[in-house]
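The values are calculated or read from the model by the stated rules, or taken from the named source; none is laboratory data. On a predicted model such as this, the values are computed, not experimentally measured, just so you know. Note that each Cβ is placed from the backbone with ideal geometry, even for glycine, and that neighbours are counted across all protein chains shown. With ligands, DNA and RNA removed, areas are computed over all heavy atoms of the protein, side chains included. Shrake-Rupley method; radii C 1.70, N 1.55, O 1.52, S 1.80 Å.
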Amino acid sequence: MEYQPGVCTGMVDGKCFWPRGKAVGGTSVVNYMIYTRGMKEDWDRIAAAGNYGWSYDDVIPYYIKSERADLKGLKNSPWHGRDGELSVEDIPFRSKLSKAFLDAAKLYGHRRVDYNSPDAFGFNYIQATLTRGQRASSAKAFLHKNKKRKNLHILISSRATKVIIDPINKQAVGVEFHKNGRVYQIRANKEVILSAGPIESPHLLMLSGVGPRKQLQSFGIPVIQDLKVGESLYDHISFPALAFTLNQTRLTLVEKKIATIQNTIQYDQYGDGPMSSLAGVETIGYIKTNISNEIGDYPDIELLGSCASLASDEGTIVAKGIRMADWLYNDVYKPIENVESLTVLFMLLHPKSKGYLKLQSADPFQQPALYGNYLTHQQDVDTMIAAIRYIIKLVDTPPFRKYGATLHKKKFPNCKQYEFGSDNYWECAVRAVTATLHHQITTCKMGPPTDPEAVVDPELRVYGISNLRVVDSSIIPRTIVAHTNAPAIMIGEKAADMIKRSWKLF
Ligand SMILES: Cc1cc2nc3c(=O)[nH]c(=O)nc-3n(C[C@H](O)[C@H](O)[C@H](O)COP(=O)(O)OP(=O)(O)OC[C@H]3O[C@@H](n4cnc5c(N)ncnc54)[C@H](O)[C@@H]3O)c2cc1C
């Protein structure tokens, strides 16, 4: 992401880090494997905005279709599929702290729910895209067993640089790509499906002449269709920086203690044991903070319970992964490396702050400039502070107290001027560790013809261009109560039916 003053101030170079999975299987190859679909209200609101075919009742069959669930207590649930390609399982490893999290939530009146059913406002263990404890990426789930099909050609180490669009009749006719230093063009018999994710799909559209007129012209790209590509971008940010120390041992995932040969063999042979943990994250829950404007049971925060904190791996994995600066890690977390500690992190579900992306060049190998525009709306800041206060309350309950859970109160060095625990302090802290959960969406927004921001119609066809669809998380038109992997897969399932219907292939 481009430098944004006032956020990620505790990250390396003061910048937020946006990695993507550059692989067959895309970002599902590097993600945290949390399986969430979004709530009924999310999809019903999307449909109510004019996106026919996208209500909860419309999308749920596609989630079920691709799913092969093996979830305790949900064997007969009508909301889960059993015959799909994507395996969804409980995380085999559960620490005692996961139970403490759910027990504490119960004390505050939160119900245990299947958060992937229509009755989702509550807490439970995480459902994950795992096959016997190992990552079920989209490549493993959908491509591996089909890779020898005659009508599927997977070109690795190839980079699409342009969709070829006939400027006269505005029809997509093929794709240009680079492989091993050579440029190729490939023609489409029927249509081109762009599925390069929320950064590269809009980038490729713009390189191909579909995007904001002025922007394309400024880079000498002939404009074929003037659309607001990349002009909306939402993301989910979190704050993984709270740490609660414990007065007992063998409760958390201390990396150097679990990285044993025995645990490795256990994981390798049976897919369980501590190494099957999603870096400590075990439980999930939805809350509505006391400053939410929403009516009814619609959350503004997702909580994620973890039996590890940033200190548990001595700063080698998670802190490095989010690009936390050494000066912050060493000052705040190093002193508790020898004590067991946990965190509860959270996700701001419906940020009001909206970002965007812009071309930087007509050179397809130069990535677009990415602007998260995080925390530019005060309600986002206030909601994050409310979430922190909620978590502190949640951990200050008997289920956690019995392990001596105590908030680590070492001040961030860049926030020392504020009283620890004050609103000013927490605002400074979330601006220091503004960690994205990498759910960028809306850059090729889906919407009806009346939506001035829409790039694709509800059948995912690019406005003004024939034979071109975008099929990935970039089309999601508004924030949803979900990590975006399962929604991206559902979009793929649904698009497959649309395409078959268009070409009468049923
Ligand atoms: C670190 C991390 C953790 C995450 N954790 C979770 C999680 O726990 N649960 C969850 O639900 N979501 C999670 N997400 C988000 C989720 O994985 C993504 O939202 C989802 O994978 C998006 O799918 P997509 O198909 O839209 O894009 P992607 O998965 O990014 O796929 C795009 C594909 O297009 C390819 N591509 C791009 N440009 C080109 C080009 N020019 N030429 C050729 N190929 C190209 C890429 O290589 C990639 O294969 C996480 C993301 C990250 C980064």
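Annotations
- Taking 0.36 nm per residue of sequence separation and removing the Cα-Cα distance, the Ala48/Arg111 pair yields an extension gain of 19.8 nm.
- Accessible area in the full protein assembly, largest first, 1.4 Å probe, for Tyr56, Tyr418: Tyr418, Tyr56
- Bridgeable lysines around Lys96 (alpha carbons under 22 Å apart, same-chain partners fewer than 8 residues away excluded): Lys72, Lys106, Lys256, Lys257, Lys393, Lys402.
- Relative protection proxy for 362-373, 88-99, from highest mean packing down: 88-99, 362-373 (other beta-carbon atoms within 10 angstrom).
- Helix 485-502 vs. the chain, principal-axis angle (Cα, 0 to 90°, nearest 10): 20 degrees
- Across the stretch 45-149, Cα pairs under 8 Å and at least six residues apart give a relative contact order of 21 percent.
- C-alpha long axis of helix 423-432 to longest principal axis of the chain, angle in °: 50 degrees
- Total lysine pairs whose alpha carbons fall under 30 Å of each other in the stretch 266-361 (8 or more apart, or interchain): 6
- Extension gain for Ser158 to Lys500 (0.36 nm times residue separation, less C-alpha to C-alpha distance): 120.5 nm.
- Sorted peptide list for 186-197, 62-73, 480-491, criterion being average Cβ within 10 angstrom, highest first: 480-491, 62-73, 186-197
- Proximal charge balance of Pro212 [Cβ under 15 Å; K/R count +1, D/E count -1]: +2
- A cysteine counts as unpartnered when no other cysteine's C-beta lies under 4.7 Å of its own; in the chain this applies to Cys307, Cys444.
- Relative to the longest principal axis of the Cα atoms of the chain, the long axis of helix 96-107 lies at roughly 90 degrees.
- Simple label model, 7 Å out from Cα along Cβ direction - Arg132 to Ile291, nm: 4.9 nm
- Packing-based ranking of 310-317, 428-435 yields 428-435, 310-317, ordered from highest to lowest mean Cβ neighbour count within 10 Å.
- Förster radius 51 Å - calculated FRET efficiency between Asp396 and Glu453 (Cβ-Cβ, nearest 0.05): 0.75
- For the stretch 332-349, 3J(HN,Hα) computed residue by residue from phi via the Karplus equation (6.51, -1.76, 1.60; θ = phi - 60°) reads 9, 9, 3, x, 10, 4, 8, 10, 6, 8, 10, 9, 10, 9, 8, 10, 7, 6 Hz, glycine and proline entered as x.
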